[in-house]
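Here is the structure we will look at, set down as structure tokens.
The values are calculated or read from the model by the stated rules, or taken from the named source; none is laboratory data. Bear in mind that the values here come from a model prediction, so they are computed numbers and not experimental data. Heads up, the Cβs are rebuilt from the backbone with ideal geometry, glycines too, and the neighbour counts pull from every protein chain shown. Note: areas computed on protein heavy atoms with side chains; ligands, DNA, RNA excluded. Shrake-Rupley method; radii C 1.70, N 1.55, O 1.52, S 1.80 Å.
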Amino acid sequence: MIIFAKPILMMLFPNASSGEFVYQISAISIIFITLEQTINGALQGLGKFYIPVLSLSVGVIIKLIINLILIRINPDNFVLGGTAGAVGTVACHFVSMIISVCALRKNIKINFEFTKFVLKPILATVTMGILAFEIYKTLNGIIIQNIAIILTIIFTVIVYTMCILVTKIFSKDELETLPLGRILNKRIKSYNR
């Protein structure tokens with residue numbers, strides 16, 4: 001979504017495709033929202049129902065403050081005023097996620113492997129991004145832009161899945177909990193023979 005913000009917006013909203021920068025910033029918040037919801041699910045499973053509400057409430061206050069500051073600086077400047085909501089959303093969910101992580105670490109022992117949970121996903125994402133950009137650039141010169149972006153998105157899913165399998169981010173047990181995980185596990189075993 002960050003790399004292909006403009007073509008995605010042009011495909012979805014051909015008559016109003018501006019807002020590429022806002023869309024790119026908003027895409028960053030997806031990372032924190034996903035982590036936050038996963039962690040909050042674990043907290044609720046531990047019976048800590050108030051923590052997700054508290055963490056999100058703090059995040060919303062941060063968002064409100066950022067929105068007011070950025071809009072007040074220069075309301076006519078699109079870069080500041082127009083992106084205030086997106087920047088505020090990223091900050092909101094980042095703060096909420098940090099509070100939830102701290103609360104979870106107090107309640108259970110988390111075995112956080114930096115290589116597995118940070119370095120390998122970053123490597124997979126960067127690889128996917130570079131290959132996706134190159135395939136889009138190639139396809140866009142051959143076929144129409146909308147079909148090129150759809151094919152590129154499908155390609156990125158395949159590449160990212162392959163990167164996850166190659167870097168062994170998931171153990172065999174974790175892989176089997178995913179949709180089609182057992183089939184993937186059997187395929188991997190057959191290739192390793």
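The table below lists the values:
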item: Selected residue (only one of V157, V118, V79 is open to solvent by 50 Å² or more (accessible area, probe 1.4 Å) and at pLDDT below 85); result: V79
item: Some residue of the stretch 170-192 being part of a helix (DSSP H, G or I), open to solvent by 100 Å² or more (accessible area, probe 1.4 Å), of a type outside the set (D, E) and at pLDDT 85 or above; result: no
item: Odd one out for V22, checked against (1) open to solvent by less than 70 Å² (accessible area, probe 1.4 Å); (2) at pLDDT 85 or above; (3) β-branched (V, I, T); result: (2)
item: Search result, residues across the stretch 89-115 that are of a type in the set (S, T, Y) and either within 20 Å of S55 (Cα to Cα) or open to solvent by less than 40 Å² (accessible area, probe 1.4 Å) (or both); result: T89, S96, S100
item: Search result, residues across the stretch 25-55 that are open to solvent by 50 Å² or more (accessible area, probe 1.4 Å), touching a residue at least 12 places away in the same chain (Cβ under 8 Å) and in a helix (DSSP H, G or I); result: I28, I30, L35, L54
item: Complete set of residues in the stretch 3-18 that are outside any helix (DSSP H, G or I) and either in contact with a His (Cβ under 9 Å, 6 or more places away or on another chain) or touching a residue at least 60 places away in the same chain (Cβ under 8 Å) (or both); result: I3, F4
item: Residue check, Y23 aromatic (F, W, Y) and more than 23 Å from K109 (Cβ to Cβ); result: yes
item: Yes/no for I164 being touching a residue at least 24 places away in the same chain (Cβ under 8 Å) and within 21 Å of the chain's Cα centre (by Cα); result: yes
item: Selection within the stretch 94-143 - over 26 Å from V157 (Cβ atoms) and either polar (S, T, N, Q) or in contact with a strand residue (DSSP E or B) (Cβ under 8 Å, 6 or more places away or on another chain) (or both); result: S96, S100, N107, N111
item: Subset of the stretch 141-164 [β-branched (V, I, T) and more than 13 Å from T127 (Cβ to Cβ)]; result: I142, I143, I144, I147, I149, I150, T152, I153, I154, V157
